[in-house]
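The values are calculated or read from the model by the stated rules, or taken from the named source; none is laboratory data. This is a predicted model, so every value here is computed, not measured. Counting neighbours? That spans all protein chains shown, and the Cβs are built from the backbone with ideal geometry, glycine included.
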Amino acid sequence: MTRRIFLASTGAAAAAAQPGGAIDIGSRRELFVDRYLIDRMNGADLKLATPVDAGSVIQLDRPWEGRFCGYATIIPEGGKFHLYYRGVPNAGQDGRNDEVACYAESTDGIHFTRPDLGLHEVHGTKKNNVILANTPPLQHNFSPVLDARPGVPEAQRFKALAGTRKSGLVAYQSADGVRWKKMREQPVMTDGAFDSQNLAFWSESEGQYVAYFRTFKKIGAVGYRWISRCTSQDFLNWSAPQEMNFGGAPPEHLYTNQTSPYFRAPHVYIAICARFMPNRQVLSDEEARAVNVDPGYFKDCSDAVFLTTRGGTTYDRTFMDAFLRPGLGLENWVSRSNYPALNVVPTGKDEMSFYVLRNYGQPSIYLRRYTLRPDGFASIHAPYTGGEATTKPLKFRGSRLMLNFATSAPGGVRVEIQDAGGSPIPGFAASDCAELIGDQVERTVNWKSGADVSRLAGSTVRLRLAMKDADVFALRFA
């Protein structure tokens, strides 16, 4: 069996892995989307999930929407899902007057409707779903967020950033997510390219607002679409930009970053990015005419990739493979198609969803939904022949350990709790563990003595996962 040893590379993971140190996970849920907790694997590996296609949720066919809709955001709030996106029927200069910001809503994240808001007259009617118009260039890339900062005033529950290099990024606020006004006339950020979806959110783990936005970076003779970050305490005064790094991964054009705190583990930021491949042409001129794509938008292609960050200036690119391929159909292999919407949202007891704009530059442009199990972006995977993974030294709070896992019928998972040196703690060896078999989002681990691990809380331990034909997606102590 091949022995694979992985070390944490940057940021908080590197700091926590100092000799003699232990990662204090408290009672947080920890996802196996990176190697933050993993010390070594033997016969096991990290495996990227395959999203499940759940079909179209809305066709973007209103006269003020059209072929070049983009920069979508999904925000769950109570029993409602807010959907925001740019509408623009024709190609042209970014930030021009015929662009609008549009709104739709849903009670289940599956079926979306457009309310007639009556806020702006476009195309000769106020019977439309437009929330921002006639403010060029700010409606070009309007990107809202539901502010999670404790004590945020009611009038500022929703915030947004919008703008281009010419205008800088302007801050907006709203009480209901539909009616918006500027927080001030002057831009809050001016140092960036901003020609993409520029987003911000309150970070519970960092105790500040963080913004991720478009910049460019030249490496050798090639200029790449890059991501930079700022921080703020009030959404108005932001720090100087810092370029993000990717831990030594090969540079790629990341057109949108779509970074957001994962709703079940907000200290982990999930980024389902649009990876752009300029001049990588798939369609011939004849094929482009057949799918009715705009003549200027079929000589590149794009897919979606999965990144994570735990704050700071490093993205983890554990997985270079596509998270979502363009798929069957020539219409999916055109420029700027397959761009993910911002945010992953819960859409059922055992389901979460993300959304992707398909058929860019075509009359058939629409938003498509994809599903995953909760925490199911990636997993520690062991084949039928078996494998194991051992964590770095860690500390926890709680009295029981719970796993999100799946096995085959003959597969299984056993958990061994070791001391800091790697020796099994009496009563918590793998041979004492009741094998976990099945498929559950949260299952308590039991040993012969029971499930209570409270006597080990606060001490330094390691976990060894002994697995066969199984996946472990996440763990937490409670």
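Things worth noting here:
- Residue match in the stretch 372-389 (condition: within 28 Å of the chain's Cα centre (by Cα), assigned to a loop (DSSP other than H, G, I, E, B) and closer than 30 Å to Asn90 by Cα): no
- For the stretch 447-478, taking the residues that are among the hydrophobic types (A, V, I, L, M, F, W, C) and touching a helix residue (DSSP H, G or I) at 6+ places or on another chain (Cβ under 7 Å), the one that is farthest from Ala420 (Cα to Cα) is identified as Trp447.
- Taking (1) surrounded by fewer than 17 Cβ atoms within 10 Å (Cβ to Cβ); (2) closer than 30 Å to Tyr71 by Cα in turn, Tyr370 satisfies each apart from (1).
- Some residue of the stretch 1-21 being at pLDDT 95 or above and out of contact with any strand residue (DSSP E or B) (no Cβ under 7 Å at 6 or more places or on another chain): no
- Residue within the stretch 445-457 that is exposed (fewer than 15 other Cβ atoms within 10 Å of the Cβ), touching a strand residue (DSSP E or B) at 6+ places or on another chain (Cβ under 7 Å) and either closer than 24 Å to Leu46 by Cα or assigned by TED's automatic domain parsing to the domain that holds Leu37 (or both) present: yes
- Those residues of the stretch 187-204 which are assigned to a strand (DSSP E or B), under 26 Å from Tyr224 (Cβ atoms) and either hydrophobic (A, V, I, L, M, F, W, C) or in contact with a Ser or Thr (Cβ under 6 Å, 6 or more places away or on another chain) (or both), in sequence order: Met189, Leu199, Ala200, Phe201
Okay, residues lined up against (1) small (Gly, Ala, Ser); (2) within 24 Å of Val356 (Cβ to Cβ); (3) assigned by TED's automatic domain parsing to the domain that holds Leu37:
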{"residue": "Gly220", "(1), (2), (3)": "yes, no, no"}
{"residue": "Cys230", "(1), (2), (3)": "no, no, no"}
{"residue": "Ala240", "(1), (2), (3)": "yes, no, no"}
{"residue": "Asn245", "(1), (2), (3)": "no, no, no"}
{"residue": "Gly248", "(1), (2), (3)": "yes, no, no"}
{"residue": "Gln258", "(1), (2), (3)": "no, yes, no"}
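- Scanning the stretch 161-205 for residues that are small (Gly, Ala, Ser) and over 23 Å from the mean Cα position of the chain (by Cα) yields Ser167, Gly168, Ser174, Ala175.
- Consider the stretch 218-232 and keep the residues that are more than 17 Å from Ala171 (Cβ to Cβ) and of a type in the set (Val, Ile, Thr). The one that is surrounded by the most Cβ atoms within 10 Å (Cβ to Cβ) is Ile227.
- Cβ-Cβ distances below 9 Å connect the following pairs, each with a first residue in the stretch 290-313 that is on the phi > 0 side of the Ramachandran plot, a second residue that is of a type in the set (Phe, Trp, Tyr), and a separation of six or more residues or different chains: Gly311/Tyr269.
- Meets criteria (more than 30 Å from Arg28 (Cα to Cα), surrounded by fewer than 15 Cβ atoms within 10 Å (Cβ to Cβ) and touching a strand residue (DSSP E or B) at 6+ places or on another chain (Cβ under 9 Å)) for Gly192: no
- Among the residues of this structure, Ser353 does not count as one that is buried (at least 23 other Cβ atoms within 10 Å of the Cβ), more than 30 Å from Phe405 (Cα to Cα) and under 18 Å from the mean Cα position of the chain (by Cα).
- Matching residues, the stretch 407-428, being touching an Asp or Glu at 6+ places or on another chain (Cβ under 9 Å), closer than 13 Å to Leu465 by Cβ and aliphatic (A, V, I, L, M): Val413
- Subset of the stretch 304-317 [within 25 Å of Leu357 (Cα to Cα) and either touching a helix residue (DSSP H, G or I) at 6+ places or on another chain (Cβ under 7 Å) or not small (Gly, Ala, Ser) (or both)]: Val305, Phe306, Leu307, Thr308, Thr309, Tyr315, Asp316, Arg317
- For Ala409, the conditions (1) outside the structural domain of Gly92 (by TED's automatic domain parsing); (2) assigned to a strand (DSSP E or B); (3) surrounded by 21 or more Cβ atoms within 10 Å (Cβ to Cβ) all hold with the exception of (3).
- Test: residue in the stretch 36-57 that is surrounded by 21 or more Cβ atoms within 10 Å (Cβ to Cβ), in a loop (DSSP other than H, G, I, E, B) and touching a Cys at 6+ places or on another chain (Cβ under 7 Å): no
- Filtering Asp452, Asp439 for residues that are on the phi < 0 side of the Ramachandran plot, within 27 Å of the chain's Cα centre (by Cα) and not aliphatic (A, V, I, L, M) leaves a single hit, Asp439.
- Any hit, the stretch 345-358, residues being free of Cβ contacts under 8 Å to residues at least 40 places away in the same chain, part of a loop (DSSP other than H, G, I, E, B) and either of a type outside the set (A, V, I, L, M, F, W, C) or more than 30 Å from Lys299 (Cα to Cα) (or both): yes
- For the stretch 259-270, the criterion of a residue being part of a strand (DSSP E or B) and more than 30 Å from Phe477 (Cα to Cα) is satisfied by no position.
- For the stretch 280-289, the candidate set comprises residues that are assigned to a loop (DSSP other than H, G, I, E, B) and touching a residue at least 40 places away in the same chain (Cβ under 8 Å); within that set, the residue that is farthest from Pro51 (Cα to Cα) is Leu283.
- Scanning the stretch 161-186 for residues that are over 30 Å from Pro251 (Cα atoms), of a type outside the set (S, T, N, Q) and in a loop (DSSP other than H, G, I, E, B) returns Ala175, Asp176, Gly177, Val178, Arg179, Trp180, Met183, Arg184, Glu185.
- Number of positions in the stretch 133-177 that are among the hydrophobic types (A, V, I, L, M, F, W, C), surrounded by fewer than 20 Cβ atoms within 10 Å (Cβ to Cβ) and farther than 21 Å from Pro261 by Cβ: 2
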